[in-house]
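Following: one structure in structure tokens, then a few remarks.
Each value in this text was obtained by applying a stated rule to the coordinates, not by laboratory testing. Here the structure is a predicted model, which is why all the values come from computation and not from measurement. Quick reminder, even Gly has a Cβ in these numbers, built from the backbone with ideal geometry, and neighbours come from all protein chains shown.
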Amino acid sequence: MSELPIIQKTYDLIKWYVPILNRLPRSHKFMLGDRMITGLYDLLDTLIIAKYSSDKLTLLEPLNSKLDILRHQTRLLFDFQLIKVERYEYAGQLINDIGTQLGGWVEQQRKRKPRT
């Protein structure tokens, strides 16, 4: 079974990002790093659950704010000089791609099921 592109892209982001986050200095690993890792796994979990849910919008709509939190956390890594500009830009591009796909999925669901 082929995976939804947004799920695959989120999976790829986790596979790329978690090893980087696990190498953060102790002063940042246990607060920022662990929060980011938890947020990434929560994002993937929710996308997979939404794939099978009859009420996808309820699950998908809050993910925009979770992605925005991840964007800000990534910017903090960069501002604290914990990741290089190339990694910051790459992470940002992946997060933006996921956001674009999420927006498309939400829009598709809104057209399918009018809000009351």
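Observations, loosely collected:
- Computed lengthening from Tyr52 to Arg26, 0.36 nm per intervening residue step minus Cα-Cα distance: 5.5 nm
- Selection of trypsin sites (Lys or Arg not before Pro), region 7-116, meeting DSSP coil and at most 15 other Cβ within 10 Å: Arg23, Lys84, Arg115
- Sites Lys111 and Ile69, calculated FRET efficiency, Cβ-Cβ separation with R0 35 Å, nearest 0.05: 0.80
- Using the rule -39500 (n - 2.57) for each DSSP H run of four or more residues, divided by the residues of the chain, the 222 nm mean residue ellipticity is -25000 deg cm²/dmol.
- Rg/Rh ratio calculated on Cα atoms of the chain (Kirkwood radius): 1.01
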